[in-house]
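I have placed the structure first, in the form of structure tokens, so that the comments after it can refer back to it.
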Amino acid sequence: MKVKNNKKSAAAEQWSAPGVKSSPSRFRNPIGKYKIRRGPECIACGKCAELCPEGVHVKAGAKMEKPRDFYCLGFCCQNNPFYCIDKCPVQALRLVVNPLCETLGDYRWPSDLLISTWYMAETGEVPRSDIEYCIGRSNGGFDKMRFNFPEKMPEPVIPDDEISTTIELNRRNDGRPRITIQLPVYGGGMSFGSVSLSTMLSRARAATLWGTFGCTGEGGYPEHLAPYDDHMITQVATGLFGVREDTIQRVRIVEFKYAQGAKPGLGGHLLGDKVTASVAKMREAVVGNALFSPFPFHSVYSVEDHKKHVDWIKEINPKALVSVKVSTPTDVDMVAVGSYYAGANIIHLDGSYGGTGAAPDIAKKNIAMPIEYAIPKVHQFLKDEGIRDQITLIASGGIRTAHDIAKAIALGADGVVVGTADMVALECVRCHNCESGRGCARGIASTDPRLSEMITIEWGAQRVINLYTAWRKQLVQILKSFGMRSIKELVGRTDCLYHLDYQREKDEGRRAVGGGN
Amino acid sequence: MAEETERYGNVKLQNPNFKTVEDSDSRFQDLLMNDSAIAQKILASRRRLIDQASRTTCYKAEEEGGCGVTGFASSIPVGGKHIFEPSVQMHNRGNGKGGGIAAAGLCADDLGVSREILDDDYLLQIAFLDPAAREQVERECVLPFFKIDSSGKIPAVDDYRDIEGLETRPPDVWRYFVRVQENVLKDFIARSGLQAMPQRKAEDEFVYQNSYRLNQQFYASLGEKKAFVLSHGRDMLVLKIVGYAEKVAQYYQLENFKAHIWIAHQRYPTKGRVWHPGGAHPFIGMHEALVHNGDFANYHSVSEYLRQRNIVPQFLTDTEVSVLLFDLWNRVYEYPLEYIIEALAPTGEMDFDCLPPEKQKIYRAIQASHIHGSPDGPWFFIIARHDPYTRRYQLIGITDTSMLRPQVFALQEADGVQIGLVCSEKQAIDATLHSLSQEDKRFSPIADKYWNARGGSHTDGGSFLFEFTKDSSASAAADFTCTDKFGKVISTPKDKLPADRTIEIFSTPAAEAVSQMEKALEEKTAWQLFQFIRDNLARWDFNTLSWCCQRISAYGAAGDDCREKAIEALTLLIDFRYDTGAKKRSSILEILHRSLHELFAGVPKIAGKASGRFVWIDWQTRAKLRSPKKTETTLIIYAKEFPPEGDECDARLICAAFELGWKRFMVYGLRGQRFQGCGLGPDTEGVRIDVYDSSGDYLASGIDGLEIFVHGNAQDQLGQILKAGKLVIYGDVGQTFLYGAKGGEVYVQGNAAGRPLINAVGRPRVVINGTCLDYLAESCMAGDPLKGGGFVILNGLEFDDNGAIREQAAPYPGSNLFSLASGGAIYVRDPQHTVVAEQLNGGAIIQLTPEDWSLILPYLQENEKLFGISIEKDLLTVNGARRKPEEVYRKVAAVKLAVLTDVDDDA
């Protein structure tokens, strides 16, 4: 089979961002931060519907519809002239925090982050309410870091359309194609089997339209992905499931998954009830039997074996870039250098905050080095080696928001990979039931045929597109605040960050959220 | 001293039971009683060395990763240029940041000293990273202690930049032939309480401690390193540089410097801009040098273990602690080599149970005492060693118990020269022999035997060594032997003789042979021609055989049909095993390959005008690659000068040729190049690749429909993710064979190494006629073989020296058969029921059914066609009697892991 030529380099010049399209929740009762309770006093005068700019209140004929309180601005609306609670002639409306928020989410993804991400996935905009959309409540990691935004926007203020968020994936002089992606983000691998086909296709489509990449995960390459070949990364993982020369030749990037931060020291473990007939067929395994990927590649027990392995993939596809995905042991910096010398174009560090849909519960805990330690360690080590500018450093593992992305880059990464955030865009509620075949209430992490029907590709793709659009706007604002014209200027700029433990927050004048909206 | 006894209590074997149990091994008793006192004293005397040593040196500084290692021991001394070739071929295993060599069994003349001095003195070599430091180093560490019999700067080229690829200036090295001054030694012995030791051994200890002190003062404690000791053993030396190993030979002008034993190492460090070679291998103990491929998981534990014995590493790499362990067990505890190997690679699992009871007792004691010092993780050691007390020289290869690193051993024995080789890759062995055979016709480019070691086993102990006694007056060594860990001798048949390679012109044989040969050429098919030669070969002499082969290649030049017949006939002779009479098979193979090469070389060149079915291309003419013309069918690729991997390798040429329309390929002249058959993608029906000479790793990986035939032994990682098609190997195959394979039809004439078919899925159908090291089909998920799934047939056979089939000692000797498999099956030829449930890890041994037999029979029939292994006579005949299939074959089937199944292994 002829290796596909890079048709995309010309197309990249003419790329334009996909549009935002409103993509409301699939469910009848979407979850918002606030609840508006309409009492029996209501006379259906429709005043609230006239007033509310967010469309919370809708009059249908003679009646008022149930309030779409997931759009409500909440208590911060109190001083607004259109605050419906005050303006209701019969005081029929009450505003409370949605009690669901007490049980929704966790420290890494508190309810605010989940709801704000849903909002962004629906609208492509950051929330206008007081909902938190940048920081989680983990009391560690990126949540303890803030940007050092200057008091004033540096002048002259750079227009938004002159700010670039593109990054290069091949910075080596190895004769292989240059690949530019429009955002410093691409999709993390989620195998067919751990997630449904519609989930895979939604992400693939969104990545394609956004001029970036998605990844197959370690479960093989479903033929449905063919339209997205140019924007897919084939993952070669230790079980070698579904890996064929064909799946290596049809893509532009191949990712070696040596390890995953969510389960370091273990390979993938797809539990038996997720090995449905279609999954078993794709992986050529036995239905209902758990599938283990070994921890190491059995053909790679030493770094020169790794080089051989990389050479092998490069021989099969002389145009493909190679990404090496590793978790974060204490010698991750040496691993990075070793991978460079083995011929990798991308080093992908997967930290411990990441998720997985293919591991037993006991494996999903925080082992390996947190990503915020690993990034600067590797960045600095590569600089000392004199090779930092020849390799693309990608970080992943719990990247949730545009601010997390920017922080990872400021610490020293070139870009990030996201996984869970895409799931949240598809309305994941973080219930942690992914490993069971019918556990996913949202039809995302399941190949059960009935549950898989819950997502249409058109809707799913648009949700992710909207989220990325909202992210990009925030990244532009962050760069603008620092007077930077390109995301590449932010790489390694730890001076733009401060850590709460090591620096007292300055006076109220410093804003925790970047200049602009 | 009481305090020291307690602190060093762990030097003695802990288990109190051993004081009371009757033990017939007197050596063992000696260890308990006498030597432990001396051992304690030696270790105690090192206390003052380490007082200044840093407290935090239990962590590795240099992260090795991997490398390539190679070594050979020859009964006649040979020049350093011969370690050049294999080192060059292993470039892809290193990254030019560090390489080193060691030589043992040296020539007094080459060193400019008398034989007595070479035999008696310590050969102290010091590398001066800072040339200005020499004066101080000598003043403080050499002159006050040693009687110097000879010294000087070793020769080197004038300007290191003259050596292409050498970017960092190697250090100046001074060589001193020394003995310790008498009063210095007396004083040392008195201070350290070593009066009970033989004086010469105390002198060894002094030299060791002095080198340690020098390293500490001028290397380990400094930021800016000044100097360090390269080696200090008797009749051996070490040199290392920042650069590829062969540059050592070039820079220090060792091309014609002769030694019996050479070892080399290509380093792949992943840390730091290296500007000095201190961290490169080999590292030394006393009279041995060690190189290492691998990476320990328990460096910290090993360092702690050594630290408890007052040994603190200075260079902070795995390799250094490996040889420190060796030296500890060798010189301080005075263990025999067998126990040292046991301490490094403990026998476990079923192999331990198979040991005789006396060995179990001793090994248990060794393991209990030294497990914390036993290196864990992938490793393979090659050690060049001189034991001056027995005057034996040894080249030792030891593999870890999980066999995570590739290793190949080889032996060649002829009248007058014997050579043993051990390498990470077979093609490095072939490169060494090739280099030697060009210079000295007594060496042959093909070894008589190639094999792997089974780590931690009771069969070979995961270790083989080549040893000899050096006879100073004679030119060749005496008593050259190859043994395994237990002392079992490996040898080649003495009744088979090599060809005289100095003869290049062959006289016409007797008229009858000539006319038969001519008739055969004209009238017979290739197969019949092969049969004719095979049937007569045993009684022919080398001259007749060579003449016949020359006739074949001359005949092949006549035209395409002749050429095709000739190639096929010679190939069949290379592939099959048969009686060779009094002639060595390796010599026959050399003759056959020579004629085959001549035949290939006579094929019309791609840039030329002539056209027929065959077209020849090589590295020089690669740019001329084009589509086949109308008559052209077969592309012959002379691979010798192609790089081993990368965009320009011969495997990529095959892909490009395939895209242009070529379907038949013959690749020859390979020296370890990789990836043949990879990259052609799907839609390869009708493609056939024949591979000759030393093919490399990853061959046939990912093939999807094509056929590939390897006419010889194959290397590692073959058939990874193989999807469909046919792979035939006329020889042995290496590590992780068919990893993640998804289908295909595969036939192996010989053995596989570690982890064949691991993680296989789908429907591969494989016949392995030999056995394998261990971990066969681990995590196999290949469905139900009776419903279209995959399986492996394991015959456990081998060819004897006369080409006849015989059973191996066990069809499966390892302890991990079909572990965690959820699909597929293993059909093992096991009429003696040697395979037991203890070797399984989740499978079940069940009776062969008629259905099973119908399933595997066609594959055994194809196997018979390919290799001549007869179903009736070889497979189903046991001890002379023909048996039923279900009495000979047993099935290892997958079981649902949650269900307990009784093993049903009695017919």
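Is it fair to say B:T621 is modelled with pLDDT of 95 or more and under 28 Å from B:R442 (Cα atoms)?
No, not satisfied.
May I ask you to verify whether A:E41 is over 32 Å from the mean Cα position of the chain (by Cα) and assigned to a loop (DSSP other than H, G, I, E, B)?
Answer is yes for this residue.
Considering only the stretch B:285-314, state which residues are over 22 Å from B:A37 (Cα atoms) and aliphatic (A, V, I, L, M).
B:A289, B:L290, B:V291, B:A297, B:V302
I'd like to check something: does the stretch B:821-833 contain any residue that is of a type in the set (S, T, Y) and more than 30 Å from the chain's Cα centre (by Cα)?
Checked the stretch B:821-833: at least one residue is of a type in the set (S, T, Y) and more than 30 Å from the chain's Cα centre (by Cα).
Scan the stretch B:617-675 for residues that are part of a loop (DSSP other than H, G, I, E, B) and not charged (D, E, K, R) and report the count.
Selection size over the stretch B:617-675: 20.
Only one of these conditions is not met by B:A610: (1) aliphatic (A, V, I, L, M); (2) in contact with a Leu (Cβ under 7 Å, 6 or more places away or on another chain); (3) surrounded by fewer than 18 Cβ atoms within 10 Å (Cβ to Cβ). Which number is it?
Going through the list (1) aliphatic (A, V, I, L, M); (2) in contact with a Leu (Cβ under 7 Å, 6 or more places away or on another chain); (3) surrounded by fewer than 18 Cβ atoms within 10 Å (Cβ to Cβ), B:A610 breaks only (2).
Count, please, the residues in the stretch A:89-110 that happen to be in contact (Cβ under 8 Å) with a residue 40 or more places away in the chain and either hydroxyl-bearing (S, T, Y) or assigned to a helix (DSSP H, G or I) (or both).
Residues meeting the conditions: 3.
Looking at the stretch B:765-794, which of its residues are out of contact with any Ser or Thr (no Cβ under 6 Å at 6 or more places or on another chain), farther than 23 Å from B:W853 by Cβ and either small (G, A, S) or not in a loop (DSSP other than H, G, I, E, B) (or both)?
Hits for the stretch B:765-794 are B:D774, B:S779.
Any chance you could count how many residues in the stretch A:199-220 are surrounded by fewer than 24 Cβ atoms within 10 Å (Cβ to Cβ) and closer than 17 Å to A:I457 by Cβ?
Count: 4.
Which of the residues spanning the stretch B:713-740 are under 15 Å from the mean Cα position of the chain (by Cα), within 18 Å of B:L794 (Cβ to Cβ) and more than 11 Å from chain A (Cβ to nearest Cβ)?
Matches in the stretch B:713-740: B:A714, B:D732, B:V733.
Within the stretch B:652-661, identify whether any single residue is within 25 Å of the chain's Cα centre (by Cα) and in contact (Cβ under 8 Å) with a residue 12 or more places away in the chain, and answer yes or no.
No: zero hits.
Give me the helices (runs of 4 or more DSSP H) completely within the stretch A:398-509, filtered to those with at least 2 residues that are within 15 Å of the chain's Cα centre (by Cα), in contact (Cβ under 8 Å) with a residue 24 or more places away in the chain and in the same structural domain as A:L209 (by TED's automatic domain parsing), ordered by residue number.
Hits in the stretch A:398-509: A:402-411, A:420-425, A:457-481.
Please specify each residue of the stretch A:117-137 satisfying the condition of being buried (at least 23 other Cβ atoms within 10 Å of the Cβ) and not in a loop (DSSP other than H, G, I, E, B).
Answer for the stretch A:117-137, where residues must be buried (at least 23 other Cβ atoms within 10 Å of the Cβ) and not in a loop (DSSP other than H, G, I, E, B): A:T117, A:W118, A:Y119, A:M120, A:A121, A:E122.
Of the conditions (1) modelled with pLDDT of 95 or more; (2) within 14 Å of chain A (Cβ to nearest Cβ), B:S822 fails just one. Which one is it?
(1)
Here's a check for you: in the stretch A:205-253, which residue that is within 14 Å of another protein chain (Cβ to nearest Cβ) and of a type in the set (F, W, Y) is farthest from A:E284 (Cα to Cα)?
A:Y221
Could you check the stretch B:566-587 and list, in sequence order, the residues that are touching a helix residue (DSSP H, G or I) at 6+ places or on another chain (Cβ under 7 Å) and buried (at least 23 other Cβ atoms within 10 Å of the Cβ)?
B:A566, B:I567, B:A569, B:L570, B:L573, B:S587
Has the stretch B:267-279 got at least one residue that is more than 14 Å from every other protein chain (Cβ to nearest Cβ), more than 29 Å from B:V417 (Cβ to Cβ) and either at pLDDT 90 or above or under 26 Å from the mean Cα position of the chain (by Cα) (or both)?
Yes: one or more hits.
Select the strands (runs of 3 or more DSSP E) contained entirely in the stretch B:114-180, then report the ones holding at least 1 residues which are under 16 Å from B:P277 (Cβ atoms).
Per the criteria, B:122-128, B:172-180.
Could you look through the stretch B:867-896, keep only residues that are touching a Phe, Trp or Tyr at 6+ places or on another chain (Cβ under 8 Å) and crowded, with 19+ Cβ neighbours inside 10 Å, and pick out the one that is nearest to B:D535 (Cα to Cα)?
B:F867
To keep it simple, each residue is scored yes or no on (1) more than 30 Å from B:E467 (Cα to Cα); (2) in contact with a helix residue (DSSP H, G or I) (Cβ under 6 Å, 6 or more places away or on another chain); (3) among the β-branched types (V, I, T); (4) in contact (Cβ under 8 Å) with a residue 24 or more places away in the chain.
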{"site": "B:D204", "(1), (2), (3), (4)": "no, no, no, yes"}
{"site": "B:N210", "(1), (2), (3), (4)": "no, no, no, yes"}
{"site": "B:L222", "(1), (2), (3), (4)": "yes, no, no, no"}
{"site": "B:I241", "(1), (2), (3), (4)": "no, yes, yes, yes"}
{"site": "B:F257", "(1), (2), (3), (4)": "no, yes, no, yes"}
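Of all residues in the stretch B:679-694, count the ones that are under 25 Å from the mean Cα position of the chain (by Cα) and over 14 Å from B:Y638 (Cβ atoms).
Selection size over the stretch B:679-694: 0.
Would you confirm whether any residue within the stretch B:670-688 is within 7 Å of chain A (Cβ to nearest Cβ) and surrounded by fewer than 24 Cβ atoms within 10 Å (Cβ to Cβ)?
Checking the stretch B:670-688: at least one residue is within 7 Å of chain A (Cβ to nearest Cβ) and surrounded by fewer than 24 Cβ atoms within 10 Å (Cβ to Cβ).
Name the single residue that is nearest to the other protein chains (Cβ to nearest Cβ) among those in the stretch A:287-300 being within 16 Å of A:T447 (Cα to Cα) and surrounded by fewer than 23 Cβ atoms within 10 Å (Cβ to Cβ).
A:N289
Restricting attention to the stretch B:161-171, does a residue exist that is touching a residue at least 60 places away in the same chain (Cβ under 8 Å) and among the charged types (D, E, K, R)?
yes
Would you be able to say whether some residue in the stretch B:795-817 is part of a strand (DSSP E or B) and within 14 Å of chain A (Cβ to nearest Cβ)?
no
Kindly evaluate B:F665 against the criterion of being more than 12 Å from every other protein chain (Cβ to nearest Cβ) and among the aromatic types (F, W, Y).
yes
Tell me, please, whether a residue that is more than 30 Å from A:S452 (Cα to Cα), more than 9 Å from chain B (Cβ to nearest Cβ) and in contact (Cβ under 8 Å) with a residue 40 or more places away in the chain can be found in the stretch A:301-318.
Looking for residues that are more than 30 Å from A:S452 (Cα to Cα), more than 9 Å from chain B (Cβ to nearest Cβ) and in contact (Cβ under 8 Å) with a residue 40 or more places away in the chain, one finds at least one in the stretch A:301-318, hence yes.
Can you find a residue that is β-branched (V, I, T), without any contact (Cβ under 8 Å) to a residue 24 or more places away in the chain and either surrounded by 23 or more Cβ atoms within 10 Å (Cβ to Cβ) or at the interface with another protein chain (Cβ under 9 Å from one of its Cβ atoms) (or both) anywhere in the stretch B:690-708?
no
The values are calculated or read from the model by the stated rules, or taken from the named source; none is laboratory data. Note that the coordinates shown come from a computational prediction; the quantities given were computed from them, not determined experimentally. Counting neighbours? That spans all protein chains shown, and the Cβs are built from the backbone with ideal geometry, glycine included.
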